[in-house]
1. So what are the ³J(HN,Hα) numbers for region 16-28, from phi and the Karplus equation (6.51, -1.76, 1.60; θ = phi - 60°), rounded to whole Hz, Gly and Pro as x?
2. Give me the distance in nm between label points sitting 7 Å out from Cα along the Cα-to-Cβ direction at Ala8 and Ser54, one decimal.
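FYI, it's all coordinate maths here, none of it is from the lab. Just so it is clear, the model here is predicted, and its values are computed rather than measured. Neighbour counts are summed over all protein chains in view; Cβ atoms, including those assigned to glycine, are modelled from backbone coordinates with ideal geometry.
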Amino acid sequence: MAKQTRDAEFTEFVAARAPWLRKVAYLLCGDWHRADDLVQESVTKLYVRWSRLSRLENLDGYARTVLVNTFLAEQRSPWGRWAARRRTGAVPEPAAAGPDLDLSVDLRRALAALPPRQRATVVLRHYCDLTVEQTAAALGCSTGNVKSQTSRGLDALRRSLDRQDRQGRTERPERTDLPNLRDLRPAVPVEGAAS
């Protein structure tokens, strides 16, 4: 009976959090199919440890950390390097209709061009709305590393978006700052995010 209860709790958690995990995975990798694979692998890792994890206070934070670590491990593997070389420049399908779809596609394209560690840091800080300390804990690095990776990532995003604007891809007025990654956030608040 305990296994059935555990499985029911796990199923409930996954059903509630899978769309959010998929969106975070998409922002990390820029491909919906890879995002699905990352979520599946992360959910499998969570299931194996579920009997211990169900007692955690911040289960969403742990799930997010597992997802980010799975993504970063894939990037370091020979398979990840091979897959990165094979990627095409195709525009990813939008996650959801927003007020400015061109801006969302531009932002996602620029985000996908970042190195994996910078991308993970920017997504955790500006999409998941984590503090510097929470991001450092999730990535297993120092707060100084988080700050420098975030700064470099945001600078690269600005340069990429400015370059796209100069190439005439958009008809929007000139940007003074980055679009807000929070615009890509799910409507449901996520436990463990900063208020």
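1. Each residue of region 16-28 in turn: 6, 9, 4, x, 5, 4, 5, 5, 4, 4, 4, 5, 6 Hz.
2. Between Ala8 and Ser54, the simple spin-label model gives 1.0 nm.
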